[in-house]
1. Taking the number of other C-beta atoms within 10 Å as the exposure measure, put 53, 89 in order starting with the fewest.
2. Tell me, what is the FRET efficiency for residue 31 and residue 63 to the nearest 0.05, using R0 = 35 angstrom and their Cβ-Cβ distance as r?
3. Let me check I've understood the local charge: for residue 30, count other residues with C-beta under 14 angstrom from its C-beta, Lys and Arg +1, Asp and Glu -1. What total comes out?
4. Quick one: order 74, 65 by neighbouring beta-carbon count within 10 Å, fewest to most.
5. What are the ³J(HN,Hα) couplings of region 24-34, residue after residue, when phi is run through the Karplus curve with 6.51, -1.76, 1.60 and θ = phi - 60°? Round to Hz, x for glycine and proline.
6. In debye to the nearest 20, how big a dipole does region 14-96 give about its Cα centre with +1 on each Lys and Arg Cβ and -1 on each Asp and Glu Cβ?
7. Once you've got the Cα coordinates, tell me which of 32/80; 56/80; 29/88; 56/88; 24/88 are over 23 Å apart.
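No value in this document is a laboratory result; all are computed from the given coordinates. Just so you know, these numbers come straight off a predicted model, no measurement behind them. Here the Cβ positions follow ideal geometry from the backbone for every residue, glycine too, while neighbour counts run over all protein chains shown.
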Amino acid sequence: MADSCGHTSHSAPSGAAGNESGRKVMCVKFQKELPGLDSVPWPGELGQRIFDHVSKDAWKLWEERMKMILNEYRLMPWQKEAQDLVAKHMEDFFFGDGAALPPGYVPQQSK
């Protein structure tokens, strides 16, 4: 279930050129009007809120955060419990404090 895991295909770069629909949103993450997503990225009410209020650039930030969460918690994205935890983090990332990292998380060092 790639869609329920929050994955979307991005073949074009971010910005207006990467927004096939041309729609703009007032992004909750960057607090300015930016190109929006082309489709609802997650099922249900949360996915619709993200579609309505999150820019493509903010979604790309979330995709990186989601990878970290899946790895740190050793989650299997197809499991309901993992999807519920990812959805909770996603809501916090966009509509909550947005800063909560998994306990004991140590960022990778650049080489």
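1. Details: 53 16, 89 22.
Least to most surrounded, the residues fall as 53, 89.
2. On the way: r = 20 Å, r/R0 = 0.57.
It comes out at approximately 0.95.
3. Numbers: positive: 24, 29, 32, 56, 60; negative: 33, 57.
Cβ neighbours under 14 Å give a net charge of +3.
4. With the fewest neighbours first, 74, 65 line up as 74, 65.
5. 10, 10, 7, 6, 5, 7, 9, 6, 7, 6, 9
6. On the way: 12 positive and 13 negative charges, 28 e Å.
My answer is approximately 140 debye.
7. Details: 32/80 34 Å; 56/80 26 Å; 29/88 16 Å; 56/88 20 Å; 24/88 25 Å.
With Cα atoms farther than 23 Å apart: 32/80; 56/80; 24/88.
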